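Some notes on the structure that comes next.
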Amino acid sequence: MSSQVPDQHGRFGPFGGKYVPETLMNALIELEEAYLKYKDDPDFLEEVRYLLKQYSGRPTPLYYAERLSQQLGGAKIYLKREDLNHTGAHKINNTIGQAVLAKRMGKKKVIAETGAGQHGVASATVAALMGLECKVFMGEEDTKRQQLNVFRMKLLGSEVVPVTSGTRTLKDACNETLRYWVSHVDDTYYILGSVTGPHPYPMMVRDFQRIIGIESREQILEAEGRLPDVVVAAVGGGSNAIGIFHPFIEDEGVRLLGVEAAGRGVDTDEHAATMTKGRPGVFQGSMSYVLQDEGGQVLPAHSISAGLDYPGIGPEHAYLKDIKRAEYVPITDKEALDALSTLSRMEGIIPALESAHAIAQVLKIAPTMSKDEIIVVSLSGRGDKDVESIMSYLALEEGQQP
Amino acid sequence: MSTAPNLNAIDSVFAALKAKGETALIPFMTMGDPDLDTSVELVQAAEAAGAHMIELGIPYSDPLADGPVIQRASERALKNKISLTDCMAVASRARERGVKLPFILFTYFNPVLQLGLGRYFDLLKEHGFSGMIIPDLPLEEDSEVRALAEEHGIHLIPLVAPTSEARVERIAANAKGFVYCVSSLGVTGVRSTFHEGIDAFLSTVRRAASVPICVGFGISSREHAERFAGQCDGVIVGSAIVRQVEEALPLLTAPDPASRKQGIKNVQDFIAGLKPRVD
């Protein structure tokens with residue numbers, strides 16, 4: 001293991017922990033015990049490995065984006081093609097792992113929260129695969145933004161529960177999933193979708209997502225004979241980012257760059273820039289950076305990307321920021337859309353709006369780097385799900401311009 | 001134990017009730033719903049209705065342990081941009097009006113953390129709180145708060161749930177004031193059935209605890225209160241009362257004093273109607 005965190009209490013330095021109602025504590029302890037029992041079990045690992053390969057299509061390629069690199073005139077840009085996974089994003093790496101675990105724990109019912117719908121679809125998919133009953137909680141606002149994914153989940157046999165409390169987006173979908181879990185903790189497994197929430201989720205989801213970084217590291221060594229100078233990934237809760245960062249943490253020469261959603265700008269009230277504008281607090285089960293007002297009330301986030309529209313971030317990212325091992329920078333809605341358009345036209349790849357934030361940062365830094373330097377960027381998902389919301393966003397922009 | 005144990009008001013009330021063979025009635029109210037002035041009056045009304053101590057609930061943006069009724073109350077309260085300190089001041093304002101019963105603060109952890117633990121405990125003392133409940137601060141995370149609570153002579157009241165199993169012993173051993181027994185799996189709110197193992201659960205807690213035990217979550221009527229009266233030392237009623245406040249909102253927010261008075265009285269009558277009858 002390349003890192004000593006979290007400790008046995010689920011702490012990444014001061015961050016992490018288990019700040020949940022007592023009703024859930026035994027379920028978390030049971031989950032942790034089961035995970036620790038299976039995480040090094042050859043049978044368990046083989047089942048996960050088999051499904052990642054034969055079902056999801058791993059390893060995903062590390063693609064050299066030659067036209068884009070040449071156009072920008074700087075560093076060589078490699079795209080880690082998580083968008084080519086079954087269901088179109090990195091989310092399935094984690095849901096396969098957790099569904100295999102749920103089955104071994106004897107659970108027949110699973111629940112999940114979702115923002116953009118990618119984790120919901122990935123959960124519905126593995127639930128269908130393993131014959132588990134599945135309920136997905138999704139903010140009512142997001143069910144409108146991501147109608148296609150709602151329909152996909154239903155096609156896969158899952159129930160989609162629209163959440164009407166609070167902001168009606170991912171934050172409240174998470175609250176509602178936890179509340180449902182409290183009531184059904186006896187027979188239900190919660191497939192949490194990011195490296196957030198109470199211990200052991202941040203550790204376990206990271207471990208299931210590390211495959212992104214493990215493959216990237218091997219692939220770049222094979223392609224270039226050396227490690228990259230920079231690894232870039234978008235950060236909402238932070239699962240794809242921690243997945244690709246983690247295997248590079250001990251490679252001191254590799255700069256790790258997380259990209260968060262600045263929405264309409266970090267100087268407005270409409271953003272999801274948790275690291276730039278938040279401060280440490282306890283939110284949804286763990287201590288981490290949180291967007292909050294002076295009194296500790298959690299603020300609503302905004303991003304054009306439903307997957308980044310979240311006022312919290314995983315505790316390990318908070319730790320990496322504080323020990324200065326990773327940096328976190330904001331990218332606006334507009335910059336992300338421009339990057340989406342650039343990548344689509346230059347490489348024939350339409351990225352998810354989430355991943356477009358990472359691409360936008362690459363567009364900024366690649367030209368400042370030399371031609372023998374290398375960037376690896378996590379292309380965490382494909383953009384098909386976003387086409388409709390991009391259309392309406394662009395139409396609105398045009399309407400506003402005289 | 002660093003300080004001499006000043007007698008905590010919660011302990012005194014339970015001792016007095018025990019002598020009379022009575023069960024404590026502990027209402028919960030969301031502070032600032034619909035506004036802080038009304039909260040002060042509702043606290044007075046709760047005492048007049050015969051409550052023995054009262055939980056003052058701090059509205060929070062993400063109340064994980066709460067069902068829809070208290071979520072809505074929190075949303076209403078937060079519309080007025082009130083802070084933890086504003087809400088805590090309701091206790092001393094009620095005290096100035098002669099309210100004698102012990103105050104228990106119910107708050108999620110983040111507002112406390114942002115205020116700073118030092119300032120938080122100063123304010124608890126200043127406003128006359130005797131206890132606190134922090135639902136998202138389980139045993140594993142509470143050592144700093146627990147140490148400060150003991151130092152200040154304020155009870156950190158722990159929750160135990162039917163799922164706590166082996167944890168019951170450890171939780172009960174550390175408990176101060178009373179042990180808050182969660183009657184059923186799930187969030188706060190009115191419900192018709194309780195956890196099937198509830199009676200066995202309560203006797204387990206009773207055996208493990210050296211302080212009184214109280215039951216909450218889903219208690220909404222005198223029948224419920226009476227069902228538990230023999231097995232515990234107190235019942236906590238939250239959502240059912242908050243729902244009464246919600247129903248009384250048109251009166252409570254009316255401009256004329258008579259309507260407001262009627263609104264307060266409706267809630268008071270409801271609380272009075274919850275008291276278990278003493279044989």
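A few notes on this one:
- Taking the numbered list (1) free of Cβ contacts under 8 Å to residues at least 12 places away in the same chain; (2) in contact with a strand residue (DSSP E or B) (Cβ under 9 Å, 6 or more places away or on another chain) in turn, A:GLY106 passes all entries but (2).
- If you go through the range A:27-51 and pick out every residue that is touching a helix residue (DSSP H, G or I) at 6+ places or on another chain (Cβ under 9 Å) and in contact (Cβ under 8 Å) with a residue 24 or more places away in the chain, you end up with 12.
- Of all residue pairs spaced 6 or more apart or on separate chains, those with beta-carbon atoms under 6 Å, a first member in the range A:69-82 that is among the basic types (Lys, Arg) and a second member that is open to solvent by 40 Å² or more (accessible area, probe 1.4 Å) are A:ARG81/A:PRO61; A:ARG81/A:TYR63.
- Taken over the range B:151-167, residues that are within 29 Å of A:TYR180 (Cβ to Cβ) and more than 10 Å from chain A (Cβ to nearest Cβ) amount to 2.
- Per the conditions (1) more than 14 Å from every other protein chain (Cβ to nearest Cβ); (2) outside any strand (DSSP E or B); (3) open to solvent by less than 50 Å² (accessible area, probe 1.4 Å); (4) out of contact with any Phe, Trp or Tyr (no Cβ under 6 Å at 6 or more places or on another chain), the sole criterion not satisfied by B:LEU148 is (4).
- The residue that is farthest from the chain's Cα centre (by Cα), counting only those in the range A:347-363 that are in contact (Cβ under 8 Å) with a residue 24 or more places away in the chain and either part of a loop (DSSP other than H, G, I, E, B) or surrounded by fewer than 23 Cβ atoms within 10 Å (Cβ to Cβ) (or both), is A:GLU347.
Let's see how each residue does on (1) open to solvent by less than 30 Å² (accessible area, probe 1.4 Å); (2) without any contact (Cβ under 8 Å) to a residue 24 or more places away in the chain:
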site: A:ASN240; (1), (2): yes, no
site: A:HIS246; (1), (2): yes, no
site: A:GLY265; (1), (2): yes, no
site: A:ALA273; (1), (2): yes, no
site: A:ASP293; (1), (2): no, yes
site: A:ILE313; (1), (2): yes, no
site: A:VAL329; (1), (2): no, no
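- Filtering the range A:94-125 to residues that are more than 21 Å from A:GLU32 (Cβ to Cβ) and of a type in the set (A, V, I, L, M) leaves A:ALA116, A:VAL121, A:ALA122, A:ALA124.
- Qualifying residue in the range B:202-218 (condition: closer than 30 Å to B:THR38 by Cα and surrounded by fewer than 19 Cβ atoms within 10 Å (Cβ to Cβ)): no
- Tally, over the range A:120-149, of residues that are out of contact with any strand residue (DSSP E or B) (no Cβ under 6 Å at 6 or more places or on another chain) and either open to solvent by 10 Å² or more (accessible area, probe 1.4 Å) or at pLDDT below 95 (or both): 12
- Restricting the first member to the range A:183-199 and to residues that are within 14 Å of another protein chain (Cβ to nearest Cβ), and the second to residues that are basic (Lys, Arg), the beta-carbon pairs closer than 6 Å and six or more apart or on different chains are A:ASP187/A:LYS109; A:THR188/A:LYS109; A:PRO198/A:LYS18; A:HIS199/A:LYS18.
- Filtered residues of the range A:151-187 (kept if in a strand (DSSP E or B) and crowded, with 16+ Cβ neighbours inside 10 Å): A:VAL160, A:VAL161, A:PRO162, A:VAL163
- Residue in the range A:76-91 that is farther than 21 Å from A:GLY348 by Cβ, modelled with pLDDT of 95 or more and not aromatic (Phe, Trp, Tyr) present: yes
- Residue selection: A:ALA89 satisfies the criterion of being closer than 25 Å to A:ARG255 by Cα, surrounded by 22 or more Cβ atoms within 10 Å (Cβ to Cβ) and out of contact with any Leu (no Cβ under 9 Å at 6 or more places or on another chain).
The values are calculated or read from the model by the stated rules, or taken from the named source; none is laboratory data. Since the structure is predicted, the reported quantities are computational estimates derived from the model, not experimental observations. Virtual Cβ from ideal backbone geometry, glycine too; neighbours counted across all protein chains shown. These accessible areas exclude ligands, DNA and RNA; they are computed on the full protein's heavy atoms, side chains included. Shrake-Rupley method; radii C 1.70, N 1.55, O 1.52, S 1.80 Å.
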